[in-house]
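Trainee: Below you will find the structure I want to go over with you.
What follows is calculated from the coordinates using simple rules that are stated; it is not laboratory data. Please read all numbers here as calculations on a predicted model, not as lab measurements. So basically every Cβ, Gly included, is an ideal-geometry build from the backbone, and we count neighbours across all protein chains shown.
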Amino acid sequence: MEQRIEVTGHGLKCDNPSCDWTDPTVQVDDYPQWLNAPCPKCGENVLTEEDLNNTLMLRNIAKLFNSIPEENFEEFLKEIKETIPLSSEEEIFEKYDLPEGTERVNVTLNVHKGVHITNVKPIDNG
Ligand SMILES: [Zn+2]
């Protein structure tokens, strides 16, 4: 079955705003090895426990979404929307200028000090 949410997260960047160190090749599975590790360039912490937990939380949310059987998914979504103040589809399409008819999107998140959406791009199905 096609996954509803596929987590393809990877990459680390330094938390220091004036430092440009980044390693896009680090995989999420290897994040625990980077917990509280100093930045190779400036020595600042590159991955705090809070940021790591945000990453793991997102993975678990994706797993949850993917585990709901098709016949219950609509009900599940309805309950989520009643509980969590999510942006409407229209707001997201407008904010990220998505073409009409977009069904799947690639969402880039930054998990430093909370979860922030940095980009939303349509995925070509063709
Ligand atoms: Zn740094």
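Trainee: Of the residues that sit in the stretch 27-50 and are touching a residue at least 24 places away in the same chain (Cβ under 8 Å) and not in a loop (DSSP other than H, G, I, E, B), which one is surrounded by the most Cβ atoms within 10 Å (Cβ to Cβ)? It would help to see each step written out before you state the result.
Mentor: First, pick out the residues of the stretch 27-50 that are touching a residue at least 24 places away in the same chain (Cβ under 8 Å): 28, 31, 39, 41-42, 44-48, 50.
Going one step further and asking which of them are not in a loop (DSSP other than H, G, I, E, B), we end up with 28, 31, 45, 50.
Working: V28: 17, Y31: 19, N45: 16, E50: 11.
Filtering the stretch 27-50 for residues that are touching a residue at least 24 places away in the same chain (Cβ under 8 Å) and not in a loop (DSSP other than H, G, I, E, B), the one surrounded by the most Cβ atoms within 10 Å (Cβ to Cβ) comes out as Y31.
Trainee: Could you grab me the full set of residues in the stretch 76-126 that are charged (D, E, K, R) and under 14 Å from I5 (Cβ atoms)?
Mentor: The first filter runs over the stretch 76-126 and keeps only residues charged (D, E, K, R), leaving 78-79, 81-82, 89-91, 94-95, 97, 100, 103-104, 113, 121, 124.
Hits for the stretch 76-126 are E103, R104.
Trainee: So, one more: Pick out the one residue from L77, L47, L86 that is within 16 Å of the ligand (Cβ to nearest atom), of a type outside the set (D, E) and under 19 Å from the mean Cα position of the chain (by Cα).
Mentor: Numbers: L77 fails: within 16 Å of the ligand (Cβ to nearest atom); L86 fails: within 16 Å of the ligand (Cβ to nearest atom).
Step by step, each of L77, L47, L86 is checked, and only L47 is within 16 Å of the ligand (Cβ to nearest atom), of a type outside the set (D, E) and under 19 Å from the mean Cα position of the chain (by Cα).
Trainee: A further question on this structure: Of everything in the stretch 21-44 that's out of contact with any Ser or Thr (no Cβ under 9 Å at 6 or more places or on another chain) and hydroxyl-bearing (S, T, Y), which residue is farthest from the ligand (Cβ to nearest atom)? Show your work before the answer.
Mentor: Residues of the stretch 21-44 that are out of contact with any Ser or Thr (no Cβ under 9 Å at 6 or more places or on another chain), as a first pass: 21-27, 29-30, 32-34, 37-41, 43-44.
This time we only want the ones that are hydroxyl-bearing (S, T, Y), so: 22, 25.
Values: T22: 9, T25: 17 Å.
Result: T25.
Trainee: Something else: Looking at S18, is it within 16 Å of the ligand (Cβ to nearest atom) and outside any helix (DSSP H, G or I)?
Mentor: Numbers: within 16 Å of the ligand (Cβ to nearest atom): yes; outside any helix (DSSP H, G or I): yes.
Against the criterion (within 16 Å of the ligand (Cβ to nearest atom) and outside any helix (DSSP H, G or I)), S18 qualifies.
Trainee: Checking N54 against (1) surrounded by 11 or more Cβ atoms within 10 Å (Cβ to Cβ); (2) without any contact (Cβ under 8 Å) to a residue 40 or more places away in the chain, only one condition comes out false. Which one?
Mentor: Going through (1) surrounded by 11 or more Cβ atoms within 10 Å (Cβ to Cβ); (2) without any contact (Cβ under 8 Å) to a residue 40 or more places away in the chain one by one, N54 breaks only (2).
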